[in-house]
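Trainee: Sharing a structure below in structure tokens format, with a few things to ask.
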Amino acid sequence: MFAPLAGRSVIVTGGSRGIGRGMAMRFAAAGCRVLVAARDRTAAEATAAEIVAAGGTALGLAVDVADEAATKAMTAAAEAHFGGIDILCANAGIFPSARLGQMTPGDFDQVIATNLRGTFLAVDACLPAMRRAGRGRIVVTSSITGPVTGYPGWAHYGASKAGQLGFVRTAAIELAADGITINAVMPGNILTEGLIGNGPDYLRRMEAAIPMGRLGSVADVANAALFFASDEAAWITGQTLVVDGGQILPE
Ligand code: NDP
């Protein structure tokens, strides 16, 4: 039996839709107070409103994780409304496609700024509150693409997702003495708006490549994040959990 997370405060970046929304809903269902962050304020507020309508506590905020001042304002809002930050889900990410030759330095920079630098900025902004509390849980959404596999059009994306794991491993060592753990979930193909944007051919091919015979749901990933955030995972840090229906197993 897992200890309840009720009353913990959680920030979910990219919480307005897709995997982040799944995380926001899952943590809210576990009794957590949730700050939903995304660039689109209306969408972030809509997710927060759904949580509130279901009897939970949530706040939606416009945040661009590539913007240092915005990530600082995000954590200030969480502290002001919830009195602290127990859990950060550093999940916001983009995956535009551009093959080498077409990919511009601007394309590359934008993906790194959001996925990798944005992870650093969100984590960094949470550290003062977590250090003061002497505890914290950070869950980073990486991917199998980059750390394990490659995919045409995603050289920048793969670099950002592999980079997140390098960040997590060293951060885990540095933050251990503060009682803060940091781990990464590595989703395979999860049915979200972002993934659907790759087109029906992509979705069909990916589904066929998954031994468990279906694309992942946002709940599949949210449950893994919930585990890393739980008290039962207190002695697990710097680790990864692949959530992919077995996709990376076949030769
Ligand atoms: P979606 O496109 O469905 O959702 C992305 C979320 O991130 C939205 O809430 C979006 O809101 C937000 N976001 C994007 N850029 C920023 C930014 N600069 N600042 C703040 N929020 C931002 O994507 P997914 O749910 O599919 O992906 C979420 C994460 O999971 C990403 O890190 C992705 O790399 C990872 N992932 C996804 C997989 C999948 O199959 N879906 C597989 C492996 C990893 P807004 O646009 O309003 O900012």
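What follows is calculated from the coordinates using simple rules that are stated; it is not laboratory data. These numbers come from a predicted model, not from an experiment. Positions of Cβ are backbone-derived with ideal geometry, glycine not excepted, and every protein chain shown enters the neighbour counts.
Trainee: About the Cα centre of the range 88-148, how large is the charge dipole given +1 on each Lys and Arg Cβ and -1 on each Asp and Glu Cβ? Please answer in debye to the nearest 20. Before the final figure, lay out the partial values.
Mentor: Details: 6 positive and 3 negative charges, 77 e Å.
The dipole of the range 88-148 has a size of about 360 debye.
Trainee: OK, next. For every other residue with a beta carbon closer than 13 angstrom to the beta carbon of Met206, add +1 if it is Lys or Arg and -1 if Asp or Glu, then tell me the sum.
Mentor: Values: positive: Arg204, Arg205, Arg214; negative: Asp201, Glu207, Asp244.
Once positives and negatives cancel, what remains is 0.
Trainee: Same structure, new question: Which distance in nm do the two modelled labels at Thr170 and Ile196 give, with both placed 7 Å along the Cα-to-Cβ direction?
Mentor: Taking the simple label geometry, Thr170 and Ile196 are separated by 3.9 nm.
Trainee: Looking at the range 69-166, I'd like the Rg to Rh ratio, where Rg is from alpha-carbon atoms and Rh is Kirkwood's inverse mean 1/r. Please list the in-between numbers first.
Mentor: Working: Rg = 15.4 Å, Rh = 14.4 Å.
Expressed as Rg/Rh, it is 1.07.
Trainee: Would you please give the FRET efficiency between Val52 and Ala77, computed as 1/(1 + (r/R0)^6) with r the Cβ-Cβ distance and R0 = 22 Å, to the nearest 0.05?
Mentor: Numbers: r = 16 Å, r/R0 = 0.71.
Calculated transfer efficiency: 0.90.
Trainee: Sum up the charges of everything whose Cβ sits under 15 Å from the Cβ of Ala176, counting Lys and Arg as +1 and Asp and Glu as -1, but leave Ala176 out. Kindly include the intermediate steps, with their values, before the conclusion.
Mentor: Working: positive: Arg131, Arg135, Arg137, Arg169; negative: Glu174, Asp178.
Every neighbour counted, the sum reads +2.
Trainee: On to the next question. Can you work out the FRET efficiency for the pair Ala209 and Arg99, with r the C-beta to C-beta distance and R0 = 25 Å, to the nearest 0.05? List each step's numbers first, then the result.
Mentor: On the way: r = 20 Å, r/R0 = 0.81.
It comes to 0.80.
Trainee: Got a sec? How would His81, His156 order by Cβ neighbour count within 10 Å, fewest to most? Numbers along the way, then the final one.
Mentor: Working: His81 14, His156 25.
So the residues, fewest neighbours to most, are His81, His156.
Trainee: Which order do peptides 179-190, 142-153 fall in by mean Cβ count within 10 Å, highest first? Each step should come with its number before you reach the end.
Mentor: Details: 179-190: 23.5, 142-153: 18.9.
Packing order, densest peptide first, comes out as 179-190, 142-153.
Trainee: Turning to a different aspect of this structure: Can you give the Rg/Rh ratio of the chain, where Rg is from the C-alpha atoms and Rh is the Kirkwood radius?
Mentor: Values: Rg = 17.1 Å, Rh = 18.0 Å.
My calculation of the ratio gives 0.95.
Trainee: How many angstrom lie between the C-alpha centres of the range 221-251 and the range 170-185?
Mentor: Result: 15 Å between the Cα centres.
Trainee: If you don't mind, another one. Pull out the extension gain between Phe227 and Ala133, defined as 0.36 nm times the separation in residues minus the alpha carbon to alpha carbon distance; nm, one decimal.
Mentor: Values: separation 94, 0.36 × 94 = 33.84 nm, distance 2.05 nm.
Taking Phe227 through Ala133 to full extension adds about 31.8 nm, to one decimal.
Trainee: Another question, then. Once you place label points 7 Å from the Cα toward the Cβ at Ala219 and Ala159, how far apart are they in nm?
Mentor: Going by the 7 Å Cα→Cβ label model, 3.9 nm.
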